[in-house]
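The values are calculated or read from the model by the stated rules, or taken from the named source; none is laboratory data. Just so it is clear, the model here is predicted, and its values are computed rather than measured. Positions of Cβ are backbone-derived with ideal geometry, glycine not excepted, and every protein chain shown enters the neighbour counts.
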Amino acid sequence: MASRKSNQVGQNCSVENPTVVVLVPTQDFLAHSLPPATFPQDRVSASGGERSLYELALAAQLAGYNVELRGEASKVLLSFVESAGGVALSCPETFREITDKDIIIFPEVISPHQLFNYFHSGARLVMYQLSVPGSITWDGTPEWTLQRLTTVPYESLGRPESFQAFDRLGVEMWTHSEGIALAGERAGVHVTRFGIGPLLDVPSPVERSFDVAIVTENRWGQWAEDIVAKLPEASILRIPKRERVYSLASELRHAKVLVFPSRVEGLPRIVGEAASVGTVPVVLGTNPFLTEGDWGKGVVLVDHLDDMANATRDLLADDHRWRALSTAAAASRAERGDLAAFVGRVGTALEDIQPQVTSEIRKVFAQELMGEYGRRDETQRILFERTVIQAATIDELKSERETRERHIEAMVHSRSWRSTAWMRRLRRALPLK
């Protein structure tokens, strides 16, 4: 691979042979340094976002870049990705200093305090935005608060201020979702979209032995249970959380339909896994940050949660329609999941990374932003501590009162009724619960 050069704005230097550093979430932290790669023995599963980071690292290496994967990873799942791609990723197990030759790619779930560490460097920074900004983690603004995805107002997510804040910090944004990229454009910020990740696990087809599959252990699991409860005539495949499994496709292939009532999030990997084996996804189509192009062909989009049971029942009753959608879903996911095409898109995105703002400019704005966020965070911490202290005090008072009551009860039962009248008066005087 030919060397790549990019002049830092305000710095008399060039960046040659950049190292692409892909960070997965970790608690390890050292100022001005990149964290080591660690592989805890109990890490036998990984979120969809983390698996997407593994695939991104794989694609960057196949595109000819020097790549380091750092952070807390699952060895068993990373090994699957390496085997599928035919390469071994470099996973340094020591801290190292950040340099201006680094391209640091991090997920949106990185903590603000770790992110602040990278703002002080001259490295080029890329946020891989897999979820809707503000939906599950800090959105770059001081006023952000975490809310439940089942009830959060759509207008409080993906706000222009969020895209603009990271843009001012010199952070490029990448995403797999057209809807998120369009939200960035509406904010006046370019967001690079290179589409859904590669299809690394496609098991052989089997005979369908269930009508409907649901995934029980995620944030939408209870909604899915409520939907299938309205389908007593259907056979249900319930898939719990799995370990040492890269994809649920091998289980989903046993069902004709996947019911997945995701209200708002990034593009769910589970839907793509179902589509890859011709299990038709019936999904809630209310997410304003996903387009029909994001979902792909063969997916049934339902406008209201209450209509999902009927939509599923109608689909199961029409075998011709189900077969057509099943074929379309599998073909669409296969076309969009081509590994070579994904490598090409990632390579182009890396080539197109713009020169970074100077670290000094970044420091000034980062300190201003983190100062506001930190003050708000400190206020919340103090309020939380006071609440905990008050709760503990109430618990202590309740415990003391219960002890006194038990003591009085014992005395009452051990003496005659007349001789304990004063004790009964004392008991009535105790404060009520």
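Here are a few things to note about the model shown:
- Complete set of residues in region 51-93 that are part of a loop (DSSP other than H, G, I, E, B), of a type in the set (A, V, I, L, M, F, W, C) and farther than 19 Å from PHE194 by Cα: ALA73, VAL87, ALA88, LEU89, CYS91
- Only one of the numbered conditions (1) part of a loop (DSSP other than H, G, I, E, B); (2) under 24 Å from ASP201 (Cα atoms); (3) out of contact with any helix residue (DSSP H, G or I) (no Cβ under 7 Å at 6 or more places or on another chain) is not met by LYS297, and that is (3).
- The requirement of being surrounded by 19 or more Cβ atoms within 10 Å (Cβ to Cβ), part of a helix (DSSP H, G or I), outside the structural domain of GLY48 (by TED's automatic domain parsing) and not small (Gly, Ala, Ser) is satisfied by VAL271.
- Across region 73-93, the qualifying residues are those that are over 18 Å from GLY337 (Cα atoms) and among the small types (Gly, Ala, Ser), and the one among them that is surrounded by the most Cβ atoms within 10 Å (Cβ to Cβ) is ALA73.
- Test: residue in region 85-97 that is outside the structural domain of ASP294 (by TED's automatic domain parsing) and within 16 Å of the chain's Cα centre (by Cα): no
- For region 45-102, the candidate set comprises residues that are closer than 19 Å to LEU130 by Cβ and among the basic types (Lys, Arg); within that set, the residue that is modelled with the highest pLDDT is ARG70.
Conditions (1) more than 21 Å from ARG269 (Cα to Cα); (2) assigned by TED's automatic domain parsing to the domain that holds ILE103; (3) surrounded by fewer than 21 Cβ atoms within 10 Å (Cβ to Cβ); (4) among the hydroxyl-bearing types (Ser, Thr, Tyr), marked per residue:
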site: TRP174; (1), (2), (3), (4): no, yes, no, no
site: GLU185; (1), (2), (3), (4): yes, yes, yes, no
site: HIS190; (1), (2), (3), (4): yes, yes, yes, no
site: PRO203; (1), (2), (3), (4): no, no, yes, no
site: VAL215; (1), (2), (3), (4): no, no, no, no
site: GLU225; (1), (2), (3), (4): no, no, yes, no
site: PRO232; (1), (2), (3), (4): yes, no, yes, no
site: PRO240; (1), (2), (3), (4): no, no, yes, no
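- Any hit, region 277-284, residues being assigned by TED's automatic domain parsing to the domain that holds ASP318 and either small (Gly, Ala, Ser) or in contact with a His (Cβ under 7 Å, 6 or more places away or on another chain) (or both): yes
- In summary, strands (runs of 3 or more DSSP E) completely within region 146-240 and bearing 1 or more residues that are acidic (Asp, Glu) occur at 171-175, 210-215.
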